[in-house]
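The values are calculated or read from the model by the stated rules, or taken from the named source; none is laboratory data. Treat the numbers as computed from the prediction; the structure is a model and nothing was measured. Neighbour counts are summed over all protein chains in view; Cβ atoms, including those assigned to glycine, are modelled from backbone coordinates with ideal geometry. Surface accessibility is based on the protein's heavy atoms, side chains included, excluding ligands, DNA and RNA. Shrake-Rupley method; radii C 1.70, N 1.55, O 1.52, S 1.80 Å.
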Amino acid sequence: MHIHLSATDAVLERSLCHIVPLFYDNPKVTFSDKEEPEADANIVLNIDEGADSVRIGAELRIRAAEMAAAGLATAPAGAPPVVGAGRERRVVHETAYPAGAPYEERRKLLRQTASRALVDLLQHETGIVQPWGVLTGVRPTKLMHEGLRAGRPREEVRRALREDYLVSEAKISLMERIVDRQLQALPDLYDLRNEVSVYIGIPFCPTKCAYCTFPAYDINGRQGSVNGFLYGLHEEIRVIGKWLRDHGVRVTTIYYGGGTPTSITASEMDALYAEMAASFPDLDTVREITVEAGRPDTITPEKLAVLNRWNIDRISINPQSYIQETLDLIGRHHSVEETIEKFWLSRENGMNNINMDLIIGLPGEGPDEFRHTLAETAKLMPESLTVHTLSFKRASEMTQHRGEAKYKVATREEIGEMMDEAVRWTEARGYAPYYLYRQKNILGNLENVGYSFPGKESLYNILIIEEMQSIVGLGCGATSKWVDPLTGAITRLANPKEPKAYIDTYEKSIEAKLEALEKWNESRLKATAG
């Protein structure tokens, strides 16, 4: 279905074009300042902006010839009757500008008002209610943190989410639970801008999963030498570690991700952790170190012994599903039995804080299959559990073949049922939600939620999702995220994603990172002095 948006203000294009796909399956969405006669439906936004407020009317016009194909031959409940040339629907939203509001704030409120009008219009048109309202970004809980950090009363923050962003009461309550849990796990969460966390990207996996777009390369492939990559990574660790030590910067958490960091050999892991211990300051004061061991087929007694040697007991073992046919389809070359076997092997070898990832909506899976996966998870009871909702990421194999029978996924209603089942299951077993993030093209416009037992939250996950401190990214595909200690402004610096490119340019990446660290430190010193 081709849906065309028209408005005289181009600033609205990005936010509005992200909203339309929430209501229609894989639509073609275009935007200009005029209507498009060839489109199946036109949505026109009329903007009336004054000195004190903005009023936006949103009108939907569907051609009669296209209504049957779009499943709209019969008007939804409350819709105007179908007329000769098609059907129209209109809503109006208005927002007052605060006295003396600067230009940027007025533009933000204009975008917000237009988004509310569009969501309201399409909710009435399709009958689909969006529990996240106009929010299409990754980190909705940041809005609640920002309000509380600014000293606003909690009910005022809730009201803004409900009225300004159209977020449902259920999602507001979920956000509130998560924010409270984060502040219990990290009572100094709002005061950690003068420290950093560290992400180390190991870009290799045994195989590439069909839904994956992470920088993950077949460790047996030819995309670049493992030895060459590790040489560059060790140098990056030495130089950046020395800078942190020389400038007295504390490290809050360290996270080894990828790819699958346990794809490299036990001796390579041992040498890497030894380099970290020699280079980074006060490693014994780091609050949390996590190693992604997500692929069970990479876990061995030798690698677990290395983790023990370096006092690392928090790992992630990710089954994704306990349906063997699903694992085979998505390219995870391990068996269900191996997941269970490696979980208990890790337990026996001192891993006392294990996370597991599950994915709702994998191809061919519905509520029955997901209930089976939860039942198998109940036999293991990891300390934390992240329940992902499948997202069609642009570059993944699954997205490239979307719509084919091979990758048929559950309906919106089934996805919602599975999410509700996950909420009930975790609640009944003592898990509580502690972080949340969303992705574009996520099934059912839902979310990914991390659950844990009390005291077993991933501190790194909280810090990176809420963007409360700088993350120094080392290795392949690692993005450094600089949170200015004085202003909170965020900038990013990415290392190359491909191993060969990283090997060729890691020295330049180190130089760029040192320059960014110097700028960050200037702001840190000003913030401390102030």
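Things worth noting here:
- Considering residues of segment 386-442 that are among the aliphatic types (A, V, I, L, M) and at pLDDT below 75 only, the residue least open to solvent (accessible area, probe 1.4 Å): M398
- Restricting segment 501-530 to residues that are in contact (Cβ under 8 Å) with a residue 40 or more places away in the chain and among the basic types (K, R), the residue that is nearest to E235 (Cα to Cα): K513
- Inclusion of I323 among residues that are surrounded by 21 or more Cβ atoms within 10 Å (Cβ to Cβ) and either at positive phi or out of contact with any Cys (no Cβ under 8 Å at 6 or more places or on another chain) (or both) is not warranted.
- Selection within segment 286-312 - charged (D, E, K, R) and crowded, with 18+ Cβ neighbours inside 10 Å: E288, E292, R295, D297, K303
- Filter pass, L474 being of a type outside the set (D, E, K, R), part of a strand (DSSP E or B) and surrounded by fewer than 21 Cβ atoms within 10 Å (Cβ to Cβ): no
- Screening segment 99-215 for helices (runs of 4 or more DSSP H) wholly inside it with 3 or more residues that are touching a strand residue (DSSP E or B) at 6+ places or on another chain (Cβ under 9 Å) and surrounded by 17 or more Cβ atoms within 10 Å (Cβ to Cβ) returns the ranges 103-126, 169-185.
- Matching residues, segment 259-280, being in a loop (DSSP other than H, G, I, E, B) and surrounded by fewer than 17 Cβ atoms within 10 Å (Cβ to Cβ): T265
- Residue count, segment 289-300 (criterion: out of contact with any Asp or Glu (no Cβ under 9 Å at 6 or more places or on another chain), modelled with pLDDT of 95 or more and outside any loop (DSSP other than H, G, I, E, B)): 2
Condition check ((1) on the phi < 0 side of the Ramachandran plot; (2) modelled with pLDDT of 95 or more; (3) out of contact with any Leu (no Cβ under 6 Å at 6 or more places or on another chain)) across all residues:
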{"position": "G86", "(1), (2), (3)": "no, no, yes"}
{"position": "Y103", "(1), (2), (3)": "yes, no, yes"}
{"position": "L110", "(1), (2), (3)": "yes, yes, yes"}
{"position": "T113", "(1), (2), (3)": "yes, yes, yes"}
{"position": "H124", "(1), (2), (3)": "yes, no, yes"}
{"position": "L135", "(1), (2), (3)": "yes, no, yes"}
{"position": "P140", "(1), (2), (3)": "yes, no, yes"}
{"position": "R158", "(1), (2), (3)": "yes, yes, yes"}
{"position": "L161", "(1), (2), (3)": "yes, yes, yes"}
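- Conditions (1) surrounded by fewer than 18 Cβ atoms within 10 Å (Cβ to Cβ); (2) under 13 Å from I254 (Cα atoms); (3) modelled with pLDDT of 95 or more; number of the one not met by L283: (3)
- Against the list (1) touching a residue at least 60 places away in the same chain (Cβ under 8 Å); (2) not in a loop (DSSP other than H, G, I, E, B), the condition P485 fails is (2).
- Close contacts from segment 263-283, counting a first residue that is farther than 30 Å from H334 by Cβ and a second that is of a type outside the set (K, R) and modelled with pLDDT under 95, with Cβ to Cβ under 7 Å and a gap of 6+ residues or different chains, come to A277/L283.
- Selection from segment 1-43 of residues that are in a strand (DSSP E or B) and among the β-branched types (V, I, T): I3, V29, T30, I43
- Test: D246 is at pLDDT below 95, open to solvent by 20 Å² or more (accessible area, probe 1.4 Å) and of a type outside the set (S, T, Y): no
- Among the criteria (1) modelled with pLDDT under 95; (2) open to solvent by 10 Å² or more (accessible area, probe 1.4 Å); (3) under 24 Å from A185 (Cβ atoms), the one L486 does not fulfil is (3).
- When A10 is tested against (1) under 30 Å from I415 (Cα atoms); (2) open to solvent by 10 Å² or more (accessible area, probe 1.4 Å); (3) modelled with pLDDT under 95, exactly one condition is not met: (1).
- Options E498, E467: the member that is under 18 Å from the mean Cα position of the chain (by Cα), surrounded by fewer than 20 Cβ atoms within 10 Å (Cβ to Cβ) and in contact (Cβ under 8 Å) with a residue 40 or more places away in the chain: E467
- Long-range neighbours under 7 Å by Cβ, at least six apart or interchain, first residue more than 21 Å from T262 (Cα to Cα) within segment 316-330, second among the acidic types (D, E) and in a helix (DSSP H, G or I): Y322/E376; I323/E369
- G350 meets all of the listed conditions (1) open to solvent by 10 Å² or more (accessible area, probe 1.4 Å); (2) over 15 Å from V291 (Cα atoms) but one, namely (2).
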